[in-house]
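Colleague: Once you've had a glance at the structure underneath, I'll fire off some questions.
Quick note: the coordinates plus some simple rules give every number you see, no bench work behind them. What you see is a predicted model; the values in this text were computed from it and never measured. Cβ: placed from backbone, ideal geometry, glycine included. Neighbour counts: every protein chain shown.
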């Protein structure tokens, strides 16, 4: 295997849908990686494909302009966000005959791991399997994601396991303040942070909270209201039908100090998604001493230790969600202990810089392997 020249900057391409500034965990991951690579002197060209529905994204495979652009680029590595798999699963086959650089895919989570009808998931699995077979290596955001990919394609390609970093929102809170916050009487302050889409299960959280006395809880919802307008209308209707307008606030998208203020104010984060490839929001919240409630589906269990720094419930289990939230309302000493344990878990987690540098080293290995007599890197570079 060859060696990437020391001190030489990488020349990289990254394919995403729409803008790199899109407010989701996956785009945050990509954006933090690009920022780090550029800070190290690397050139990163972002190729933006248009947002369309799944079927229309297939048309990108036949874009002569995209094919000519990618095949003429002199790159060390081409990075493809796996979200773009319907646009690339056929084009990659054609590209491989023309390019001299490796293709690496960042896998946040597989679409076929989400809750779709069986016939739909069979179709998604077939397309994703085809796409995954065309790339040379993977960047995984969790061990769970790695396992799901290797189960699907039946082989272990070169990879790096790079968790999302903990420090995209900077906590400004002390252990003393966290303990004092837990002792404040009154309703338990529940926070939901995430896109308003069915997979995040805000409707399930609301149904669970509705099982409790109205005096015991308040819910603030942080997340864009226009990602899925039909779903947002359904959430508003659910709130109105259950007469929960005084208990639930829809705050829209918040970032920076506004988001930090919500973390600092709240007692517990609850995002009981039907599936998460990682769940950046859980580790972010722990930095502010918030125990996190999530579902057992996906990688949340790599972050949350049940009943120590948060809670893990089966997907859709409203009764368990209600019991856990009622429990922290009634036992503030336990809430304080879990809040401090959440701070401890946060401090153990890697930063964005650490994860991104690990990924950069992997890109250098991939570039060296592709340009030498060995066709690719023969071992995974794993962090944690």
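Colleague: Would you compute, from DSSP H runs of 4+ residues alone, the mean residue ellipticity of the chain at 222 nm, taking -39500 (n - 2.57) per run and dividing by the full residue count, rounded to the nearest 500?
Modeller: On the way: 15 runs with 161 residues, N = 384.
-12500 deg cm²/dmol, from helical runs alone.
Colleague: Modelled label-to-label distance, residue 21 and residue 74, 7 Å Cα→beta-carbon offset: nm?
Modeller: Once both label points are built, they end up 3.2 nm from each other.
Colleague: As a test of the definition: which semi-axes, in Å, follow for region 1-107 when you take the square root of five times each eigenvalue of its alpha carbon gyration tensor? Largest first, please. Walk me through the numbers on the way to the answer.
Modeller: Details: eigenvalues 106, 71, 22 Å².
That gives 23, 19, 10 Å for the three semi-axes.
Colleague: Measure off 7 Å from each Cα along the Cα-to-Cβ vector at residue 62 and residue 150, then give the distance between these two points in nanometres to one decimal.
Modeller: Between residue 62 and residue 150, the label points sit 3.8 nm apart.
Colleague: Please state the shape class of region 175-348: rounded when a/c is under 1.5, otherwise prolate if a/b exceeds b/c and oblate if not, all from the C-alpha gyration tensor.
Modeller: rounded
Colleague: Right, something else. Evaluate the relative contact order of region 175-348 (contact order divided by residue number), counting alpha-carbon pairs under 8 angstrom at least 6 apart; express in whole percent. Before the final figure, lay out each step's value.
Modeller: On the way: 321 pairs, mean separation 49.1, N = 174.
It rounds to 28 percent for region 175-348.
Colleague: Be a star and scan region 313-330 for residues whose amide nitrogen sits under 20 Å from the point 7 Å along the Cα-to-Cβ vector of residue 183.
Modeller: 328-330
Colleague: Can you put 246, 359, 145 in order of Cβ neighbours within 10 angstrom, beginning with the fewest?
Modeller: Placing the least packed residue first, the sequence is 246, 359, 145.
Colleague: I'm checking a number: the convex hull volume of the Cα atoms of region 282-352, normalised per residue, in Å³. What is it? All intermediate terms of the calculation are to be shown ahead of the outcome.
Modeller: Values: hull volume 5.3 nm³, N = 71.
Output value, Cα hull per residue: 74 Å³.
Colleague: In 10 Å bins starting at zero, report the fraction of Cα pairs in the chain per bin as a rounded %.
Modeller: Binned Cα distances yield the sequence 5, 23, 31, 23, 13, 5, 1.
Colleague: Another question about this same structure. What list do you get for 23, 16 if you sort them by fewest beta carbons within 10 Å?
Modeller: Working: 23 14, 16 22.
By the 10 Å Cβ count, ascending, the order reads 23, 16.
Colleague: To continue, here is another question. Where q = 0.09, 0.15 Å⁻¹, what log10 of I(q)/I(0) comes from the Debye formula for region 147-268, counting one point per Cα?
Modeller: The Debye formula, applied to the Cα set alone, gives -0.36, -0.83.
Colleague: Given contacts defined as C-alpha pairs under 8 Å and at least six residues apart, what's the relative contact order of the chain, whole-number percent?
Modeller: Computed value for the chain: 21 percent relative contact order.
Colleague: Right, here's the next one. Rank the residues 17, 329 as a footprinting-exposure proxy: fewest other Cβ atoms within 10 Å of their Cβ go first.
Modeller: 17, 329
Colleague: Output the relative contact order of region 65-130, whole-number percent, from Cα pairs under 8 angstrom with separation of 6+ residues.
Modeller: 38 percent
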